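Chemist: Have a look at this one.
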Amino acid sequence: MQVEETPLKDCFLVKPRIFEDHRGIFLETYHRERFAELTGIDTEFVQDNQSVSSFGVLRGMHYQKGEFAQTKLVRVIYGKVLDVVVDLRPDSPTFKKTYKAILDDKNLHQIYIPKGFGHGFLTLSEKSVFAYKCDDYYKPGSEGGIIFNDPDLKIDWDFPTKEMILSDKDRKQPTFKEAFG
């Protein structure tokens, strides 16, 4: 496993070691002790989630707040997505800054997203299977969101907005200013 710092504090790009031969591939998607050794962060994940999306589906920008905020380790099992995170921690030196990366079933990269971050992704392949580990259980009352095209965050999705497929909930998310003042 190779772990690279992103420009955002406490957020990491995780590159697994891939073993390939005539039968296919094998990789270790997570190793708690090794991750802690490389980052100094020891995270105990308690819930795994998975979604399936078609081309153009944008899910986000979502976050959990308060005592039920979640750290996540996200990856693509099948397909290709543009993954975007934003630091929403007011005391962080990278507050309101974003990071984006292509995650797909070829590079098998993952993003470690700490508590206090917003997250979203856009499916760039015909279909994507997206999986993530969480360090706390989902509690509906703790969820929050910011509109994907927020004028303050200026996220470049590099995709035509009129071709994006969003849930009604994601279309009606508040702006950053509405959510954080």
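Nothing in this text is a laboratory measurement; each read-out follows from the coordinates by a stated rule. All values reported here derive from a predicted model rather than from experimental measurement. Reconstructed Cβ throughout: ideal geometry from the backbone, glycine too, with neighbour counts over all protein chains shown.
Chemist: Based on the mean of other beta carbon atoms within 10 Å per residue, what is the order of 8-14, 160-166, 94-100, 23-29, most packed first?
Modeler: Details: 8-14: 19.1, 160-166: 11.7, 94-100: 17.3, 23-29: 9.9.
Listed from highest to lowest mean packing, they are 8-14, 94-100, 160-166, 23-29.
Chemist: Which of the pairs LYS106/LYS169; LYS96/LYS154; LYS65/LYS115; LYS9/LYS96 have their Cα atoms more than 20 Å apart in this structure? Don't skip to the end; give the middle numbers.
Modeler: Values: LYS106/LYS169 31 Å; LYS96/LYS154 10 Å; LYS65/LYS115 8 Å; LYS9/LYS96 11 Å.
Violating the 20 Å limit, Cα to Cα: LYS106/LYS169.
Chemist: By the gyration tensor of its Cα atoms, with a ≥ b ≥ c the square roots of the eigenvalues, what is the shape of segment 1-101: rounded for a/c under 1.5, prolate for a/b over b/c, or oblate? Don't skip to the end; give the middle numbers.
Modeler: Values: a/c = 1.77, a/b = 1.28, b/c = 1.39.
Judged from the Cα gyration tensor, segment 1-101 comes out oblate (a/c at least 1.5, b/c at or above a/b).
Chemist: Please work out the Kirkwood hydrodynamic radius for segment 21-75, using every pair of different C-alpha atoms, and report it in angstroms with one decimal place. Can you show the working numbers first?
Modeler: Numbers: mean 1/r = 0.0678 Å⁻¹.
Across segment 21-75, the inverse of the average 1/r is 14.7 Å.
Chemist: For segment 75-181, restrict the atom set to alpha-carbon positions and state the Rg and Dmax in Å.
Modeler: 14.1, 40
Chemist: Then there is this: Per residue of the chain, what 222 nm ellipticity follows from adding -39500 (n - 2.57) for every DSSP H run with n ≥ 4, rounded to the nearest 500? Display every interim value, and only then the final one.
Modeler: On the way: 3 runs with 17 residues, N = 181.
Computed ellipticity for the chain at 222 nm equals -2000 deg cm²/dmol.
Chemist: Still on this structure, I have one more. What do you get when you divide the Cα radius of gyration of the chain by 2.2 N^0.38 Å, with N the number of residues? Let's see the in-between values first.
Modeler: Working: Rg = 16.0 Å, N = 181, 2.2 N^0.38 = 15.9 Å.
After normalising by residue count via 2.2 N^0.38 Å, the value is 1.01.
Chemist: Additional query: Round to a whole angstrom and tell me the spacing of the C-alpha centers of segment 66-122 and segment 139-171.
Modeler: Segment 66-122 and segment 139-171 have Cα centres separated by 14 Å.
Chemist: Evaluate Rg over Rh across segment 120-181, taking Cα atoms for both radii and Kirkwood's formula for Rh.
Modeler: Value, to two decimals: 0.98.
Chemist: Can you list, largest first and rounded to whole Å, the semi-axes you get for segment 103-155 by taking the square root of 5 times each eigenvalue of its Cα gyration tensor? Display every interim value, and only then the final one.
Modeler: On the way: eigenvalues 91, 64, 26 Å².
The answer is 21, 18, 11 Å, longest axis first.
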